[in-house]
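Please treat every number below as a calculation from the coordinates, not as lab data. As the structure is a prediction and not an experimental result, all values here were calculated from the model. Cβ placement follows ideal geometry from the backbone for every residue including glycine, while neighbour counts extend to all protein chains displayed.
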Amino acid sequence: MAKHLFACLLLALSAVLAVALTPAQAKEAVPVATDPALEARVMALSAELRCLVCQNQTIADSHADLAVDLRNQIRTMLSQGQSTDQVRDYMTQRYGDFVLYKPPFKATTALLWVGPPLLMLVALVALFLTLRARQRARPEAFDPDTPDDDPAR
Amino acid sequence: MNRFLWPLVGFLVLVVFLGVGLKLNPREVPSPLIGKPAPAFNAPLLAEPGKTVTRESLLGKPWVLNVWASWCAPCRDEHPYWVAFAPKSPVPIYGLNYKDQPAAAQKWLQQLGNPYAQSLMDADGRIGIDYGVYGVPETFVIDAQGVVRFKHVGPITPEVLRDKIEPLLKQLNG
């Protein structure tokens, strides 16, 4: 009988605890939109925006206050039916192209976009010219083999 | 000769690029707001929360907007410079109290001095987002037409005040 009473007490206590703890947990969970599809769009978009407080993180990754605010802003704008481009424009109007991890192609970003392919092209041309020059070189241009070069002998 | 010259040229180009890169400050993000109208706002005053100030009500005279908060340590560093500058400033300095508790903010001003004509409250940081604020303190200079002319991120130094802000204010006022 006493054992039974104890079990009842324990049950009641856990019920009270559950009720007491629920509001705290619910408060934590508020920023996540109830709509998973919307939340996926929010996270996808914030993953391509730079957090300006900790610059090597995206807004999606960062726990900085500003990143949380901006995620909320993105969520609000998307839930109002605004497009991702409108959100991107909103961010660049305030923070500049720097917030975009994928900057637009402009005069100021031309070197950024064209630079690497250009370097690659230069390297390939250099490689081609060198190889062709070697191919056309007469055998005398190379050092003749000496017996010392061949360890097998 | 040629064989050694080209790698050397490549190396020198790399050195120049890296040297320039070292001099750049990645924390200084050029504001897209420079030369554009300052974003509109309607903010309650820290001193009198019942009253509000709008961007429109400040048109006609250049002014300085200094974003600060009592929780912000670098704000404490730059604050004495503002307190010293305020009496001789040719234009009013407005504070934007960013994501702060009004009581803490008022206590801060009482302890450290109040250089601001008024401090506007931005409790939820919305005005901050509109102004592209990402690192408090930040300072803006806005001209009589309401156009942003200058922005400084981080604590100001006497040099920035003397060499950049003061000449600009004199030019705008004159």
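Would you mind checking which residues have amide H under 5 Å from residue A:100's amide H? H placed 1.01 Å from N; only 5 or more apart, or other chain.
Amide H neighbours of residue A:100, under 5 Å, 5+ apart: A:50.
Could you name the aspartates and glutamates whose alpha carbon sits less than 20 Å from that of residue B:99, not counting residues in the same chain fewer than 8 places away?
A:28, A:65, A:69, B:48, B:77, B:78, B:122, B:124, B:130, B:138
Please compute the modelled spin-label separation between residue A:102 and residue B:56, points set 7 Å along Cα→Cβ, answer in nm with one decimal.
4.0 nm
Quick one: which of B:36/B:164; B:23/B:151; B:51/B:151 span more than 21 angstrom between C-alpha atoms?
Going by Cα-Cα distance, B:51/B:151 fall outside the 21 Å limit.
Going 7 Å from the Cα of residue A:39 along its beta-carbon direction, which residues of the stretch A:75-99 have the amide nitrogen within less than 14 Å of the resulting point?
A:75
Taking the alpha-carbon centroid of each part, what is the distance from the stretch B:92-143 to the stretch B:1-65 in angstrom?
Their Cα centres are 19 Å away from one another.
Taking a label point 7 Å from the Cα of residue A:142 along the Cα→Cβ vector, which residues of the stretch A:102-134 have an amide N closer than 20 Å to it?
Once the point is set 7 Å along Cα→Cβ of residue A:142, A:127-134 turn out to lie under 20 Å by backbone N, inside the stretch A:102-134.
Under the rule of -39500 (n - 2.57) per DSSP H run of 4 or more residues, summed and divided by the residues of the protein assembly as shown, what mean residue ellipticity at 222 nm is obtained, to the nearest 500 deg cm²/dmol?
Value at 222 nm, helices only: -15500 deg cm²/dmol.
Using Cα pairs closer than 8 Å and at least 6 residues apart in sequence, work out the relative contact order for chain B, in percent.
Worked out over chain B, it gives 28 percent.
Considering only the other residues whose Cβ falls under 11 Å of the Cβ of residue A:78, what net charge follows from Lys and Arg at +1 and Asp and Glu at -1?
Residues near residue A:78 contribute +1 overall.
Compute the length gained on full extension between residue B:47 and residue B:17: take 0.36 nm times their separation in residues and subtract their Cα-Cα distance, giving the result in nm to one decimal.
Here the answer is 5.8 nm.
Within the stretch B:113-128, name every residue whose backbone N is under 14 Å away from a label modeled 7 Å from Cα of residue B:104 along the Cβ vector.
Those under the cut-off are B:122-125.
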